Amino acid sequence: MALMIGQTLPVAVRALLRNKLRSFLTTLGIIIGVASVISMVGVGEGAKTRVESAFASMGTNLLLVLSGTTRSGGVMGGFGSLPTLTWDDLHAIRTEAPAVAAAAPAQNVRVTVSSDEENWTTGVTGTTPEFFDIRAWHIGRGTFFGQEDLEANNSVIVLGQTVVEHLFSPGVDPIGKIVRIRNIPFVVVGVLERKGQSPLGSDYDDVCVIPVTTFQTKIQGGLQKYIAGIIMVSAKSNEDTSRAQRQITALLRDRHHIQKDDDDDFSIRNLTELANAQQQGTRALTGLLAAIAVVSLIVGGIGIMNIMLVSVTERTREIGVRMAVGAKPSQILWQFLVEAVSLSTLGGLVGVIIGTFAARALAAKLAWPYASRWDMVLVSFAFSALVGIGFGLYPARKASRLDPIEALRYE
Amino acid sequence: MSLIVATDLVKTYRLGETELHALDGVSLTIEPGEFVAIMGASGSGKSTLMNILGCLDRPTSGSYTLAGREVSQLSAAQLAEVRNRTLGFVFQSFNLLSRTTALENAELPLVYAGIGRRERARRAATALGRVGLGDRLLHHPAQLSGGQQQRVAIARAIVNEPRLVLADEPTGNLDSKTSFAVMALFQELWRAGLTILFVTHEPDIARYASRVIIVRDGRIVSDTTQVARDAALDVSPPKAA
């Protein structure tokens, strides 16, 4: 077989070079097919990476624990309408659920924050220092507040970039400055690193964070036993999120004395699962695009078959001569098969190159990360070779079965 | 040992209801070193005989022994091998591959004999030298005259040192002067030891053979040995004065 390819490859290549334009047009189908596979998968991978990083930006292995709902006269109040989560629950989640790495309360309110220069209405979150780790928020300048601020009800605040931009003139260092919430002065101790947008498009940087104790005593009171908000939990690892969810569920049901058949008076949202679902969505889309690309590869293959059939007819006399001087049918078969496969793999090669550039260009335009997939390059290259074999076989067989006498007489 | 021993060759074509006997019991023996012309009108069966003797076709019945080997029932691949190693072909319309040099055309049988590239080029160049085209190795068929093209075809036929060269109307597409020159070349190769069998319908051309077989209605009607006329005499006839 190697011998036959060695013999027939130069012949095949020369035959293809003889009709350069035709060879090019024939491979165009394969080129487009492979290029679209490569670029679509590249873009799909980029989208996947983007979704992954977007969810990673929400927090690491994040679970949200929400308190229950009230029901008055058949109207459900919605999650959080009835505070059921207590500070003791938070403590229990921190200490008794082995899959939990950290947990922090988050109480939110929309208020107007003012500096000496400007004012800005934004969300203020009262929480504990673990919050920054759980949300994977990094400090840009200054520091986070610490446990001592929490214990002392200190009026300290950490600002997001958007808030800083609205409250202070450019070039002003906000650290150490005073901002006021409901006329209560807070000292700015830190500014968060810019995080950009959430997967849903809201601005991560439009936030202020203060100690939850300060929040409760100075911003928004409430029943001191309950957390008027949610508990954010980060699991130890990505794989641990489901386990953490089960552990917290069991723990809270036990603590809240919920009977076996009764519903939970809280709910848990697993953002990792949400992320996985969204990834499945992009995977399905990528698969769909790949299927379209496969169709175009098959169309390209039909183009190759068509042109090979024309070529066999055109070169009937040549085939006759080759047979007369001693070419076996199998050698004729190989000659045309190698020709078809050369066409299709050449198309595959050009397609891979064009597709890679297209994916890069598209990724750059959409500001998505570019992810090259070498396995897809190999698969589409192999597939184009396969198309050549599949669609080249029939014309090649037809050539090899010609009767030499008829072929020599062919006009 | 005889080069060709054909006994009772029959070739029948079915045309709908009727059967056509292209060959109707031909028996023939050819010794090494003969220069045989097969003559006959069109439809006489001479082409069919030629195709069978050339292992391009198989007889319906009868036996055919070529160089000591029974070849009448071989497979297509086996026949290809016999053609490659034992036979050389020259056609009326030359049948050279266009856009391919004379050297590469002459190399073609060696490609299928599995001979390496350098050895192929060497042997093809030698063969082209023997037919007087040693200075035209890299010319394409379109750059050569009809006579030169037929010489390339002859070089291709002899390149693999066959036992027998078969030529089907080798001068059919050539003017008479070029025809004589081609026949002179065949005679030269014959005198050097090659066995040649050619088909023609021109008595002028058949004169150069050492034996003339006439076919009619699928049978041999005449088989005579003669003194071959020297074709070189006709290429450049002695000029008067």
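Some values worked out for this structure:
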read-out	value
Charge dipole of segment A:101-235 about the Cα centre (unit charges at C-beta), most positive-ward option of A:I210, A:W137, A:V172	A:I210
Charge dipole of the protein assembly as shown about the Cα centre (unit charges at C-beta), most positive-ward option of A:I30, B:A77, A:L271	B:A77
Within straight-line cross-link reach of A:K398, lysines at Cα separation under 20 Å, skipping those fewer than 8 residues along the same chain	A:K328
Neighbour net charge for B:G193 - beta-carbon separation under 12 angstrom, K R +1, D E -1	-1
Sequence-separation-based contact order of chain B, relative, with Cα cut under 8 Å and 6+ spacing, percent	26 percent
Those trypsin sites (Lys or Arg not before Pro) in segment A:234-278 that DSSP places in a loop and that have at most 15 other beta carbons within 10 Å	A:K260
Overall Cα dimensions of segment B:4-235, principal axis frame, Å, largest first	52, 41, 34
Charge-dipole axis of chain A as Lys and Arg at +1 and Asp and Glu at -1 on Cβ define it, positive-most pick from A:V188, A:Q147, A:A327	A:A327
Loop-located chymotrypsin sites (Phe, Trp or Tyr not before Pro) in segment B:128-192 whose Cβ has at most 11 other Cβ within 10 Å (DSSP)	none
Cα-centred dipole magnitude for segment B:4-235, charges only on beta-carbon of K, R (+1) and D, E (-1), debye, nearest 20	760 debye
Packing-based exposure ordering (other Cβ within 10 Å, fewest first) of A:I30, A:I298, A:I210	A:I298, A:I210, A:I30
Per-residue [θ]222 nm for the protein assembly as shown (sum of -39500 (n - 2.57) over DSSP H runs n ≥ 4, rounded to 500)	-15500 deg cm²/dmol
Sorted by Cβ neighbour density within 10 Å, fewest at the top, the residues B:L53, A:L150, B:L185	A:L150, B:L185, B:L53
Local electrostatic count at B:L96 - Lys and Arg +1, Asp and Glu -1, tallied over other residues with Cβ under 11 Å	+2
Cα-centred dipole magnitude for segment A:101-235, charges only on beta-carbon of K, R (+1) and D, E (-1), debye, nearest 20	340 debye
Kirkwood Rh and Cα Rg combined as Rg over Rh, evaluated for the protein assembly as shown	1.38
Mean separation of Cα contacts under 8 Å, 6 or more apart, over the residue count of segment A:101-235: relative contact order %	36 percent
Relative contact order of chain A, defined on C-alpha pairs under 8 angstrom at six or more residues apart (%)	29 percent
Lys, Arg +1 and Asp, Glu -1 on Cβ, resulting dipole of chain A about Cα centre, debye, nearest 20	2140 debye
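Every number here is computed from the coordinates shown, using simple stated rules; none is lab data. Quick caveat, the model's predicted, so the values are computed rather than measured. Cβ coordinates were reconstructed from backbone atoms using ideal geometry, including for glycine residues, and neighbour counts include every protein chain displayed.
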